[in-house]
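Laboratory data are not the source of any read-out in this text; all were calculated from the coordinates shown. Not measured: the values here are computed from a predicted model. Cβ atoms come from the backbone with ideal geometry, glycine included; neighbour counts cover every protein chain shown.
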Ligand code: CTP
């Protein structure tokens, strides 16, 4: 892999030397770009010795630009990694500034960008930094959470750059996930090309009052992975999602909703045009009967409070009951008797297929990997623990086989 390593100004810049060494040792090519701040902390020559390439640091150096211009450098990279990424760099990337070589490169590339922020704990906690991180994540940048511990400034808290080994592994993991997605995508093209696929994902939030809601711990990762792989395979994907912190996969039409009723309305609008509907959302079964229009205040001396909940529409069962229904796939997240409960749900909701998974005790929600059992009335396939992207590929393969009878 060709890795463009950006090093910005921070005491952790010295750790980027070890990171360079790890990449090179594993057989990857590394070109280092330093900001002027980084050079205050460390000599470019050290990176040059380790990477075997001169360090790039200037946007306007005629000699360097003649050899490999910033656009060429942006195209050269398979992956851009910025470690350490200073608070200033996060702010500049969020703004789309291009006042040095590194930020210009980031603006001029369509390659994946991973950031390893490192800074004083208060700078990290600052609302401006947190907002910058949230926006960059939404745009699809991969941001590694900083580690906690003693900081160079003498304070203790969150803001240390993750160890080089952890950054190295994160880059390798991201590359593997991309390859798996691509591989699964091209295998699946034969069936999914131009098929219309409707997917729901994530949790729903049911409001109690303007500041409180009932939600659940679904991250949306499974539904988003299916959407991503299906889009790679050429499907026309509409993804209806509850509140999640995930970027929209390329080529996918995303519709954001909040409550189960909003999700239902969006599904009702789109199901008829779909060849297949995959209901991966963790829809709240109940909603608050009457959400308060103003924030509920606690009353003195009142020790209990009762919320009246009413049933939400069962979205997947509704679609399965329509005359012009697409092929309908549900999910069953269970803590026990997984397959039995899932089979029961398959029949009760009249689904064509159900994907059963075990949740709880560190499994299922909020994770990058998972295991699933796929069930139709006549067949069963167990998918052992693997990444959600691998699962998405296997699931779409099983759906295509089932749809073709
Ligand atoms: N589902 C839905 N609408 C709802 C509730 C669930 O479309 N109001 C869908 C989910 O997206 C999932 C499947 O139904 O595909 C199973 O969801 P689950 O909540 O596990 O099923 P329930 O019928 O609610 O069963 P239980 O709560 O008893 O486990």
Over the C-alpha atoms of the chain, what are the Rg and the largest Cα-to-Cα span, Dmax, in Å?
24.3, 77
Convex hull volume of the range 275-380 per residue (C-alpha atoms, cubic angstrom)
179
What does DSSP give for the chain in terms of the percent of beta bridges that are antiparallel, rounded to the nearest 5?
30
Would you mind telling me which residue in 386, 222, 305 has the biggest mean-square fluctuation in a Gaussian network model of the chain, where springs connect alpha carbons within a distance under 10 angstrom?
305
Viscosity 1.002 mPa s, temperature 20 °C: what is the translational diffusion coefficient of the range 2-177 from Stokes-Einstein with a Kirkwood Rh over Cα pairs, rounded to a whole number of µm²/s?
134
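In deg cm²/dmol and to the nearest 500, what is the mean residue ellipticity at 222 nm of the chain if only DSSP H runs of at least 4 residues count, each as -39500 (n - 2.57), divided by the residue total? Intermediate values should be presented prior to the final figure.
On the way: 15 runs with 156 residues, N = 405.
Taking each H run of at least 4 residues, the total per residue is -11500 deg cm²/dmol.
Tell me the volume per residue, in Å³, of the convex hull enclosing the alpha carbons of the range 322-405.
Working: hull volume 8.1 nm³, N = 84.
So the per-residue Cα hull volume is 97 Å³.
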The range 298-357 - Rg over Rh from alpha carbon coordinates, Kirkwood radius:
1.26
On each of the three principal axes the extent of the alpha-carbon atoms of the range 170-267, given in whole Å and largest first, is 47, 33, 15
Antiparallel versus total DSSP beta bridges in the range 2-177: what percent is that, nearest 5?
20
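For the pair residue 368 and residue 18, what calculated FRET efficiency results from E = 1/(1 + (r/R0)^6), where r is the Cβ-Cβ distance and R0 = 30 Å, to the nearest 0.05? Could the numbers behind the result be given before it?
On the way: r = 25 Å, r/R0 = 0.84.
Efficiency, rounded to the nearest 0.05: 0.75.
Arrange the following residues from fewest to most other Cβ atoms within 10 Å of their Cβ: 14, 341. Before the final figure, lay out the partial values.
On the way: 14 13, 341 16.
Final ranking by Cβ density, sparse to dense: 14, 341.
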Pairwise label distance in nanometres, residue 72 with residue 110, each label 7 Å out on the Cα-Cβ vector:
2.1
Enumerate the whole-percent occupancy of each 10 Å bin, from 0 to the last occupied one, for all C-alpha pair distances of the range 117-242.
11, 25, 31, 23, 9, 1
Just 107, 90, 115 to compare: in a GNM of the chain, with alpha carbon springs under 10 Å, which one fluctuates most?
107
Once residue 323 and residue 298 are pulled to full extension, the length gained, defined as 0.36 nm per residue separation minus their Cα-Cα distance, is 4.1 nm
The range 191-345 - Rg (one decimal) and Dmax (whole number), Cα, Å
17.4, 63
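Order these by the 10 Å Cβ neighbour count, fewest first: 175, 72.
Working: 175 16, 72 11.
So the ranking, lowest neighbour count to highest, is 72, 175.
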